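The values are calculated or read from the model by the stated rules, or taken from the named source; none is laboratory data. All values reported here derive from a predicted model rather than from experimental measurement. Neighbour counts run over all protein chains shown; Cβ positions are idealised from the backbone, glycine included.
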Amino acid sequence: MDNYCLMGNPVEHSKSPWIQNRFAELSGEPVHYDKRLVPLDGFAAALQAFRDQGGKGCNVTVPFKLQAAALATEASPRVALAGACNTLRLDGDQILADNTDGVGLINDITRNAGVALAGRDVLLIGAGGAGAGVLGPLLEQRPRRVVLANRTASRAQEVAARHAALAAQQGVELLACGLQDAAVTEAGFDLVINASSSSLKGAGVPVPASVLRPGALACDLMYGPAAQGFMDWAAAHGAVPRDGLGMLVEQAAEAFRIWRGVRPPSAAVLAELREKLAAA
Ligand code: NAP
């Protein structure tokens, strides 16, 4: 068996071990994946110990995503754009960093939800780690316009500036603003992504319903009961709600592909996970 793990703090409620071990079973890859609770000041030591034990790769979650990028010997362009890393591949002396969050969300929207993004108008709420990770892969889908709205407008502007060259290259209009301006800069959006932690914190939906065009897809990166408020809000205003469970499975699938060179059956595993959670 080749060993992989999740490193973070906290990790106890993570579904990553179940997802990755299910990918391994269904694809026949000799993979074992577990989770490691890493002391807040102990990420570098934990990573070295895992390498010494022959570990082949890991996912990295809060609060170590920046440290993981800093310890890498090589980082993908996705890491530079996102400013964070959630996947490390360990290959001899090499530590290769990547970020699969954004491509995970895009794969969930385009493959699992079947929504194409080319030429569409998109509102991305939140410019933290998740929002920054999503923006690059989103621009690569060539929507018409992306408005990045964040509670702290200057943070949205910083993240947008980092992506300006990619937006220009893809022919996408990219705007950054505070939350209060999200509704007035465009007459509604085809896709609204809540990549802020408003749902996690039990706060209300941070934008007015006028951002939703009829039939818009409205995604919250949160899943489980905490996402229900956003899902209900979207449905009540004529949008199609989607939670972040598909992104969770798809970002894991992209990590599995990076490690093993094999794309696991992510849609089947997402369906199983939804059933498992509903039963619980
Ligand atoms: P983060 O780096 O801490 O950023 C938090 C973001 O939320 C910031 O943009 C912050 O704005 C904003 N925010 C916080 N409270 C808010 C409120 N009450 N109203 C409006 N905006 C608020 O967190 P993150 O890593 O980006 O995570 C964001 C969310 O994505 C979390 O719910 C997380 O669980 C989820 N997530 C899901 C997946 C998945 O696979 N499904 C993966 C990654 C993350 P300021 O800049 O003004 O502080």
Practice item. Select, from A187, A203, A218, the only residue that is over 23 Å from R155 (Cα atoms) and either surrounded by fewer than 21 Cβ atoms within 10 Å (Cβ to Cβ) or within 19 Å of the chain's Cα centre (by Cα) (or both). Key: A187
Review point. Is there any pair with a first residue in segment 113-136 that is of a type in the set (D, E, K, R) and a second that is outside any helix (DSSP H, G or I) and near the ligand (Cβ under 7 Å from one of its atoms) whose Cβ atoms are under 7 Å apart and which are 6 or more apart or on different chains, and what are they?
Key: none
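Yes/no matrix, rows are residues, columns are (1) in contact (Cβ under 8 Å) with a residue 40 or more places away in the chain; (2) away from the ligand (no atom under 16 Å from the Cβ); (3) more than 14 Å from L124 (Cβ to Cβ); (4) not assigned by TED's automatic domain parsing to the domain that holds P137:
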site	(1), (2), (3), (4)
Q157	no, no, no, no
H163	yes, no, no, no
V172	no, yes, no, no
C177	no, no, no, no
V192	yes, no, no, no
L200	no, no, yes, no
Practice item. Could you give me the residue pairs with C-beta distances under 7 Å whose first residue belongs to segment 80-103 and is touching a residue at least 12 places away in the same chain (Cβ under 8 Å) and outside the structural domain of H163 (by TED's automatic domain parsing), whose second residue is surrounded by fewer than 20 Cβ atoms within 10 Å (Cβ to Cβ) and of a type in the set (F, W, Y) wherever it lies, and which are 6+ apart or on separate chains? Key: none
Review point. With (1) surrounded by fewer than 15 Cβ atoms within 10 Å (Cβ to Cβ); (2) away from the ligand (no atom under 16 Å from the Cβ); (3) within 17 Å of N21 (Cβ to Cβ); (4) among the hydrophobic types (A, V, I, L, M, F, W, C) as the list, and A235 as the residue in question, which single condition is left unmet?
Key: (3)
Check your understanding: When you scan segment 170-280 for strands (runs of 3 or more DSSP E) that lie fully inside it, which ones turn up with 2 or more residues that are of a type in the set (S, T, Y)?
Key -> none
